[in-house]
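The values are calculated or read from the model by the stated rules, or taken from the named source; none is laboratory data. Owing to the predicted nature of the structure, the values given are computational and were not obtained by experimental measurement. Please note: Cβ atoms are built from the backbone with ideal geometry, for glycine as well, and neighbour counts cover all protein chains shown. What goes into the accessible areas is simple: the full protein's heavy atoms, side chains included, and nothing from ligands, DNA or RNA. Shrake-Rupley method; radii C 1.70, N 1.55, O 1.52, S 1.80 Å.
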Amino acid sequence: MSDVAFAAGGAPHGHSSNGGAHSYLENTGKRKGILSWILSTDHKRIGILYLISIFSFFAVGVVLGVLMRLEMLVPGPTGKIFNAQEYNALFTLHGVIMVFLFVVPGIPATLGNFFLPIQIGAKDVAFPRLNLLSWYLYITGAAIILVSLFMHGLPDTGWTFYVPYSIRTGTDVTTAVFGVFVLGFSSILTGMNFLTTIHRMRAPGMSWFKMPLFVWALYATAWIQVIATPVLAITLLLIIIERVFSVGIFDPAKGGDPVLYQHMFWVYSHPAVYIMILPPMGVVSEIVSTFSHRTVFGYKAVAISSLAIAFIGYLVWGHHMFVAGETETAQFAFSLLTFLVAIPSGIKVFNWVATMYKGSIDLQPPFLFLMAFIMLFAIGGLTGLFLGSVATDVHLTGTYFVVGHFHYIIFGGAVFIFFGALHYWFPKMFGRMYNKKAANISLGFLFVGFNMLYFPMLLLGYEGMPRRYFSYLPQYETLQHVSMVGSWVLVIGLTIMFWNLIRGIRKGEKAPANPWGGTTLEWTIASPPPTENFEEIPVITHEPYYHPDAEMPEEHAVPVAK
Amino acid sequence: MAEIAGPVTQAASAGHEAHPHRDIQGAKMGMWLFLLTELLLFAGLFLIYSVYRYFHTAAFHKAGLETHTLLGTVNTMVLLTSSLTMVLSIAAIQRGKKWLCVTFLSTTILAGFVFLGIKYVEWTSEIAKGIYPGSPVLLARSNGEILFFGLYYTMTGLHGIHVIAGMIVLAFMLVLVLRDKINQQDYIKLENAGLYWHLVDIIWIFLFPLFYLIN
C-alpha cells in the first residue's frame, strides 16, 4: 500500500483530481477479495468494516424493538405474542445490542475512523494495526454476546445488569457481560488511537484551533472512552467474579452493597451518553457550516464546549439513582450538576443557529436531517429537565417517560445525525451520489414514524405506564397502538433510506470531489479518497471553515473609519 | 502536547516492520494512555475497598491481622528489585550491551515467577485455613471479614493476572532483543514494556499496605 507514489517532486500535482493514485476501494496490495478488507490496516477500510458490522447489529436491534412494540397489540394480564420471560429477554437484548454494539462505537468507529485522519491531513491513524485489532475485538465481543443467546437462556436483566438480580438469575448473564467487557477494550483502544493521532499527526500549520469541530468532538469523546470505560470494565468483571466465585462484593447477604454497583455502573454509563452524543454534535458543526456557507459562529466556544460537556458529564451520574436511597444532599448536588450540562449544550445550539443566520442555506438532505435533529433533540433535552429535577423524577422514573426521553436524545439526536452524516459524507466515501429525492422521502417517514413511536411514550409515562412490562391496562390502549404503528412507519423510513444508500453505492451518479462546497480537508481530495489520502501532506494556513466565496455582509464587516 | 504539530510522522501501512519515520513520542503517549486505563481499572476496586473499609472498620482490621505480612513484604521486595532490573535492561540496550540486557530482562521475568510462587504459598495457606470465597469457615464470620477476603482474593488475583501478562510481554521483548529487533537505535518497545512492568509494580505498592500493613 505504501508503494503508491507520493514522493515529493515527482508526484503529479492537483488536489481535486485523482492524480493517478488508486482509490482506497481498489485493490493495490497483494491480497485479494475479502482478505484485502479484513486484514487491511487502512483506516478507511476499517471504517467501512465497522459501518457494515455496526449497521448489521442495528438491523437486529430494530427487529427486536419492533417485536416489543408488537407485543403491545392487545392489553390484558397475559402475554399475547411473548410471555413475560421472553419480553424480558427482548428488552435486554435490544438494549445491549443498541447501546454497546451500535451507538457507543457508532460515529467514532465508522465515520471517525474514516475522516479523522483525513480532516487533520494525515495518511492514517497513529496505530493502524491497533485500529484493526479494535475491530476484531468488536467482532469478538459481539460474537460472545451472540453465543450467550444460545447457552442457558437469554439474559433477562436489562442492559444495565443491575445486581443483585444479575448475580442470581439463571440465564446466561456471565457470557453476555464478558462480551460487553471485550467490547470495552475495543472502545478503549479506539480512544487511545484517536488521542495519539490528534496529538501527534496533525498536518503542519494545523494548530488546535484550526482543527475541524468534528475532530474536537472526537477528541473529547476519546478522552471519555479512555477514562470511563475501565470503570465499567471492572464493574462488569466483578459481576462475573460474583457469579463464578460468590465473593460477596455486591451480595447484600454477605455485606455487599447493590447500590454501590449502581454508582460504579453509572460512573461509566453516564459519561457514555456523551460518548454517544458528542460525535454527532461535531458532525452538526460540519454540516451546519457547509450548508450555510459560513464559518461556524463562535468556533472556539463550540470547540471548548465539547470538552466542558465531557468534563461535567463525569459529575452527574447520581441523577440515575434519585430513588435508590440517595441523601437529600446528593440529590441536590447531582440535580444541580445535571442542569449545568445545559450550559455547554446551549452554547453549541445557539452557535449553530447563529451560524445559519444570514448564511446562504442550501436545503440538501444532510441539512434536513440536521433540522430534524434540532427539533427532536430539543424535545429530548426539555424532557430531560423533568428527569433532572428530583421532584418530578420521583414520579417519572421507571416509566415510559424515561424510555421516550432516552430515545429522543439517542435515536432522535445521535442516530438521526449519524444518518445525516452518512448522507453528508456518502459522496466522499463512495464517489457516487444517492438519490436526493428518495433521501428526503425517507427522512419524512423517519421523522413522522419516530414521533408517532416515541411521543406517545412520553404521554404514557406521564400517565403512569411502567417500562419493561410485557402487558398493560386497557386505558393505555390507544397510545400504545399509535406507538406500535409508529414503529412500522419508522421501519418503512429506514428501509427506504438504506435501500437508497446501498443502491447509490452501485448505481448512483458519479460525485465530484466537493459536491457540497465543504471547506475541510476531506473535500480537497478525490472522491473516493486515494489509498494514501494525500499525495502531499497539506500545509494549513487558515481556519477550517473559511469560505472565500461567501462575501461578508457589509454590516458584519469590521467598522472602519469613514 | 506541543501547540505546533511536530514533524509529520506517518505510521506506515500494513505489514511494514521498518517504519520510515518512527514516532517515538506517539508510541509513548499511547502507552501512557493505556496505563491510565489500567490504573482506572484498579481505581474502581480501590474505591470499593475504601467504601467497605469505612463501613466495616473493625472487621477489616481484624481480618487484616490474618494475612501474611512477612510473605507480603518479601514479595514487595521481589517486585521492587524486578523493577530495578527492568530499568537496568533498558540502560544496557541503550549502551548497546545486548547480553547484559538479556541477563537483566531474564532476571526480571524470573522475579515474576518468584512473586507468583510466593503468592501461591500464601494463598494455599489461607485456603488451608478454610478462608476462600464461599467457604463455610468464612461465611460463618462477620460481613466485613467476608468482604475483606473477597476483596483480597479479587484484587491480588487481578494483580496476579497482570503480573502474568507483564511476564508474557517481557518474554516477547526477550525474543525481540535476541533477534536484534530491539537494539541500541530502536528500543521503544522495551521501554513501553518496562512502563507496563512498573505499573504492575506500583499497583502492588498500593495493595501491600491495604491488605498487609494497616491493621
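Within the same chain, aspartates and glutamates fewer than 8 places from residue B:28 are excluded, and of the rest, those with a Cα less than 19 Å from its Cα are A:124, B:3, B:17, B:38, B:186, B:191, B:201.
Averaging Cα coordinates gives a centre for region A:150-205 and one for region A:233-312; these two points are 12 Å apart. Could you pull out every one of the lysines with an alpha carbon less than 24 Å from that of residue A:300, ignoring same-chain neighbours closer than 8 positions? Those lysines meeting the cut-off are A:210, A:348, A:358.
Sparse packing (at most 11 other Cβ atoms within 10 Å of the Cβ) combined with a DSSP loop state is found for the following chymotrypsin sites (Phe, Trp or Tyr not before Pro) in region A:95-179: A:150. For residue A:432, the residues whose amide H sits under 5 Å from its own are A:511, ignoring neighbours fewer than 5 places away on the same chain, with H placed 1.01 Å from N. In this label model, residue B:114 and residue A:342 are separated by 6.2 nm, measuring between points 7 Å along each Cα→Cβ vector.
Centroid-to-centroid, using Cα positions, region A:408-470 and region A:59-123 are 13 Å apart. Residue by residue along B:146-153, Cβ atoms of other protein chains within 10 Å of the local Cβ number 5 on average.
Principal-axis analysis of the Cα atoms of chain A puts helix A:328-340 at an angle of about 20° to the longest axis.
Between residue B:188 and residue B:84, what length in nm is gained on full extension when 0.36 nm per residue of separation is reduced by their alpha carbon distance? Could you put the intermediate results ahead of the total?
Values: separation 104, 0.36 × 104 = 37.44 nm, distance 1.78 nm.
Extending this stretch completely gives an extra 35.7 nm.
Based on the Cβ-Cβ distance from residue B:71 to residue A:253, what FRET efficiency comes out when R0 is 30 Å, to the nearest 0.05? Mind dumping the intermediate values first?
On the way: r = 31 Å, r/R0 = 1.04.
About 0.45, to the nearest 0.05.
So the label point goes 7 Å from the Cα of residue A:477 along Cα→C-beta, right? Which residues of region A:56-92 then have their backbone N under 17 Å from it? Only A:70-81 pass the distance filter. Ignoring lysines fewer than eight residues from residue B:97 along the same chain, the ones with Cα atoms less than 22 angstrom from its Cα are B:181, B:189. Summing Cβ point charges (Lys, Arg +1; Asp, Glu -1) relative to the Cα centre of region A:87-232 gives a dipole of roughly 500 debye. Residue by residue, region A:287-304 carries 3J(HN,Hα) couplings of 5, 5, 5, 4, 8, 9, 6, 9, 6, 5, 5, x, 3, 5, 4, 5, 4, 5 Hz when phi is fed to the Karplus relation 6.51 cos²θ - 1.76 cosθ + 1.60 (θ = phi - 60°); x denotes Gly or Pro.
Other residues whose C-beta falls under 13 angstrom from the C-beta of residue B:67 contribute a net charge of -1, scoring Lys and Arg +1 and Asp and Glu -1.
Please state, to two decimals, what the Cα-based radius of gyration of the protein assembly as shown comes to when divided by 2.2 N^0.38 Å (N = residues).
Working: Rg = 27.7 Å, N = 777, 2.2 N^0.38 = 27.6 Å.
The protein assembly as shown yields a ratio of 1.00.
Would you be so kind as to identify which of A:219, B:102, A:426 lies farthest towards the positive end of the dipole of the protein assembly as shown, taking Lys and Arg as +1 and Asp and Glu as -1 on Cβ and the Cα centre as origin? Positive-end residue among those listed: B:102.
Say R0 is 41 Å: what FRET efficiency, to the nearest 0.05, do residue A:143 and residue A:440 get from their beta-carbon distance? Each step should come with its number before you reach the end.
Numbers: r = 37 Å, r/R0 = 0.91.
In this case the efficiency is close to 0.65.
Computed from backbone phi with θ = phi - 60° and the Karplus coefficients 6.51, -1.76 and 1.60, the 3J(HN,Hα) list for region A:118-128 is 5, 5, 9, x, 10, 8, 6, 6, 5, 10, x Hz; x is used for glycine and proline.
Taking the Cα centre of region A:407-506 as origin, sum charge times position over the Cβ atoms of Lys and Arg (+1) and Asp and Glu (-1), and report the length of that vector in debye to the nearest 20.
Dipole of region A:407-506, to the nearest 20 debye: 640 debye.
Taking label points 7 Å from Cα along the Cα-to-Cβ direction, residue B:175 and residue A:86 give a separation of 5.1 nm. Proximity of backbone amide H atoms, modeled 1.01 Å from N, is registered between residue B:132 and B:138 at under 5 Å, excluding neighbours fewer than 5 places apart on the same chain.
Pairs exceeding 18 Å between alpha-carbon atoms, taken from A:30/A:123; A:32/A:507; A:436/A:510; A:44/A:436; A:44/A:507: A:30/A:123; A:32/A:507; A:44/A:436; A:44/A:507.
For region B:35-49, a drop of 20 Å² or more in accessible area on going from the chain alone to the assembled protein chains (1.4 Å probe) is found at B:36, B:37, B:40, B:41, B:44, B:45, B:47, B:48. Label separation (residue B:202 vs residue B:102): 3.2 nm, computed from points 7 Å beyond Cα along the C-beta direction. In region A:36-546, a dipole from Cβ-located charges (positive for Lys and Arg, negative for Asp and Glu) runs towards its positive end, and of A:497, A:511, A:255 it is A:511 whose Cα lies farthest in that direction. Each residue of region B:203-214 is assigned a 3J(HN,Hα), and the resulting list reads 5, 4, 4, 7, 5, 4, x, 5, 9, 10, 9, 7 Hz, derived from the Karplus form 6.51 cos²θ - 1.76 cosθ + 1.60 (θ = phi - 60°), x at Gly and Pro. Of A:282, A:318, A:40, which is farthest towards the positive pole of the protein assembly as shown's charge dipole, taken about the Cα centre with +1 and -1 on the beta-carbons of Lys, Arg and Asp, Glu respectively? Selected residue: A:40.
Which GluC sites (Glu not before Pro) in region B:52-148 pass both tests, a DSSP loop state and at most 16 other beta-carbon atoms within 10 Å? The partial results should precede the final answer.
Values: sites: B:66, B:122, B:126, B:145; in loops: B:66.
In loop regions of region B:52-148 (DSSP not H, G, I, E or B), the sparsely surrounded GluC sites (Glu not before Pro) are B:66.
Exposure check, 1.4 Å probe, all protein chains in place: residue A:304 carries approximately 80 Å² of accessible surface.
Amide H to amide H distances under 5 Å link residue A:399 with A:467, where only residues 5 or more positions off or on other chains count and H is placed in the peptide plane.
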